[in-house]
1. For segment 60-83, enumerate the residues that are outside any strand (DSSP E or B), touching a residue at least 60 places away in the same chain (Cβ under 8 Å) and surrounded by 13 or more Cβ atoms within 10 Å (Cβ to Cβ).
2. Can we say residue 28 is touching a Gly at 6+ places or on another chain (Cβ under 7 Å) and either among the aromatic types (Phe, Trp, Tyr) or within 20 Å of residue 2 (Cβ to Cβ) (or both)?
3. Against the condition assigned to a loop (DSSP other than H, G, I, E, B) and at pLDDT 95 or above, how does residue 86 come out, does it pass?
4. Just the residues that are closer than 15 Å to residue 38 by Cα and surrounded by fewer than 14 Cβ atoms within 10 Å (Cβ to Cβ), please, taken from segment 87-98.
5. Say we look at segment 7-25 and pick out the residues that are of a type outside the set (A, V, I, L, M, F, W, C), under 23 Å from residue 46 (Cα atoms) and surrounded by fewer than 15 Cβ atoms within 10 Å (Cβ to Cβ); which of these is modelled with the highest pLDDT?
6. Can you name every residue in segment 89-117 that is in a helix (DSSP H, G or I) and within 13 Å of residue 45 (Cβ to Cβ)?
7. Within segment 103-117, how many residues are at pLDDT 95 or above and either closer than 16 Å to residue 8 by Cβ or charged (D, E, K, R) (or both)?
Amino acid sequence: MQVLTEDQCRKAIESGKLELAELTGQSGLAAVILTQSWCPQWRAMKNYLPEAEKQLPGLEIVYVEYDKISFFEEFMAFKEDTFNNREIPFVLYYKNGVNTSRSNFISLEGFLGKLRS
């Protein structure tokens with residue numbers, strides 16, 4: 001798993017989008033998670049993500065706990081307004097660089113299913 005840097009978060013706000021190639025390289029399967037550290041659903045997901053990586057070799061998971069960055073409110077507004085989603089964790093699923101699905105909290109089986117479908 002890789003953590004988004006503050007610079008990557010600022011670039012997302014400035015451009016109005018997440019640059020997947022920069023975030024995940026050329027991975028066939030990727031998940032980008034935007035969340036806050038205190039969220040119990042995020043803690044549950046974070047615990048199962050290593051298992052997801054084992055079950056799907058090559059899966060790249062990128063996340064940010066945006067309550068820990070200095071421009072928290074600005075990033076939260078970007079996330080909520082850009083993706084029209086006010087819940088956390090917020091997950092974007094990608095196959096070969098194309099966004100195929102999105103969700104909020106989801107079980108391991110559901111997470112893997114969205115990446116496999």
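The values are calculated or read from the model by the stated rules, or taken from the named source; none is laboratory data. Model, not experiment: these values are computed from the prediction. For neighbour counting, all protein chains shown are included, and Cβ atoms are generated from backbone atoms with ideal geometry for every residue, glycine included.
1. Within segment 60-83, 69, 71, 74, 75, 78, 82 qualify.
2. Taking the combined requirement at face value, the residue satisfies it.
3. Criteria met by residue 86.
4. 87 - this is the single residue of segment 87-98 that is closer than 15 Å to residue 38 by Cα and surrounded by fewer than 14 Cβ atoms within 10 Å (Cβ to Cβ).
5. 7
6. Passing the criteria: 108, 109, 110, 111, 112, 114.
7. 2
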